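The values are calculated or read from the model by the stated rules, or taken from the named source; none is laboratory data. Since the model is a prediction, treat every value here as computed from it, not as a measurement. Note that each Cβ is placed from the backbone with ideal geometry, even for glycine, and that neighbours are counted across all protein chains shown. To get the accessible areas, we keep the full protein, side chains included, count just its heavy atoms, and leave off ligands, DNA and RNA. Shrake-Rupley method; radii C 1.70, N 1.55, O 1.52, S 1.80 Å.
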Amino acid sequence: MRRKVGIIGAGHVGSHVAAGLALLNICEDIVLIDTDRRKAEAHGADLQDMVCYGGRSCRIWAGGYEDISDAQVCVISASGEIFKENRLEELDVALDVMDDIIPKLKASGFGGILVSITNPCDLVALYLHMKTDYPVIGTGTALDSARFRIRIARELDVRPDSVEAFCIGEHGDSQVPVWSQVRIGGRLLDELAEEEPERWALDRAAVEKSTVEAGWEIANKKGSTEFGIGAAAAELIGAVLCDSREILPCSLPSLWNGTEIYASRPALINGGGHPDPLLLKLTEGEEKAYEESRKMMAEYRRLKLDGRM
């Protein structure tokens, strides 16, 4: 069976998701859907040219909702025209966009898994979950965790793939970098720092600040983020399509005081669209920060989402 992915919203993010999928040979068919059909067609043609030099066999084209009826995964990356420093300020516009997409998606005959990227990621993923019957996975802190790993690696002068580290909670300002579980080559960073403080010491506050602010700094300079999230989403989609059993941070259903929300934590990704979350051993401070992040998202659900149901 040919692996097929639909991408709704073929802008900076959607087009780079398509590029990642094609270059990593994750699927054979990619359908780009956008309100600007000419742009989607141009992206499709340009990406198809790239495929020729990537040594892959992937068809990429601009289409309509009817073309994703047999897709296994549909990516939601459509958004409004605004980009705010605080992603939560984008919520109202994002929900309006989702209200336009959801009826068309349901009418298309699509029966697969939704991967939601549109910011604010956790709340949009929750809204799609509330309004549809599809399994919904948000990219959440997949990108934040990569940024966290990169900054730790840079400070400690090791390769990023030697660093295991996660951010959990919101894909936004309240995300929680889990320092207590950071591992370098399989060893806890806290243990290494205790044994050789001069070698393994780093400015944790500066790393956290840079991690949280990275997206805004990039977008403020060039207008958007695209490469990092494109790669992170492609990795997540590949894990779903291939049932790879990879552990990735992503945004999933969670309960806070009986209220269903979406929040990120590491999870075992499978082909069914319902990743199996892993429980991290958190310190008291990390647990408190995680609860505050989830509490905030529960409050936004009450204020913004519930009234639209």
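Considering segment 21-63 alone, what residues qualify as being open to solvent by 50 Å² or more (accessible area, probe 1.4 Å), in contact (Cβ under 8 Å) with a residue 24 or more places away in the chain, hydrophobic (A, V, I, L, M, F, W, C) and part of a helix (DSSP H, G or I)? Result: LEU23, MET50. Checking each residue of segment 119-133 against the condition of being buried (at least 23 other Cβ atoms within 10 Å of the Cβ), small (Gly, Ala, Ser) and under 18 Å from the mean Cα position of the chain (by Cα) gives at least one match. For segment 118-151, the tally of residues that are outside any loop (DSSP other than H, G, I, E, B) and in contact with a His (Cβ under 7 Å, 6 or more places away or on another chain) stands at 4. Looking only at residues in segment 64-117 that are acidic (Asp, Glu) and assigned to a loop (DSSP other than H, G, I, E, B), the one that is modelled with the lowest pLDDT is GLU85. Screening segment 152-207 for residues that are of a type in the set (Lys, Arg) and assigned to a helix (DSSP H, G or I) and picking the one that is nearest to GLY285 (Cα to Cα) gives ARG204.
Quick one: would you say LEU192 is open to solvent by less than 40 Å² (accessible area, probe 1.4 Å), among the aliphatic types (A, V, I, L, M) and more than 24 Å from GLU170 (Cβ to Cβ)? Criteria met by LEU192. Quick one: is ALA289 crowded, with 20+ Cβ neighbours inside 10 Å and out of contact with any Leu (no Cβ under 7 Å at 6 or more places or on another chain)? No.
When residues in segment 219-232 are screened for being crowded, with 18+ Cβ neighbours inside 10 Å and out of contact with any Gly (no Cβ under 7 Å at 6 or more places or on another chain), 4 of them pass. Against the list (1) open to solvent by 60 Å² or more (accessible area, probe 1.4 Å); (2) in contact (Cβ under 8 Å) with a residue 24 or more places away in the chain; (3) over 23 Å from ALA146 (Cβ atoms); (4) assigned to a helix (DSSP H, G or I), the condition GLU235 fails is (3).
Going by the conditions given, is ILE68 open to solvent by less than 10 Å² (accessible area, probe 1.4 Å), touching a strand residue (DSSP E or B) at 6+ places or on another chain (Cβ under 7 Å), closer than 15 Å to GLY238 by Cα and touching a residue at least 40 places away in the same chain (Cβ under 8 Å)? Taking the combined requirement at face value, the residue does not satisfy it.
Scanning segment 259-286 for residues that are in contact (Cβ under 8 Å) with a residue 60 or more places away in the chain, open to solvent by 20 Å² or more (accessible area, probe 1.4 Å) and assigned to a strand (DSSP E or B) yields GLU260, ARG265.
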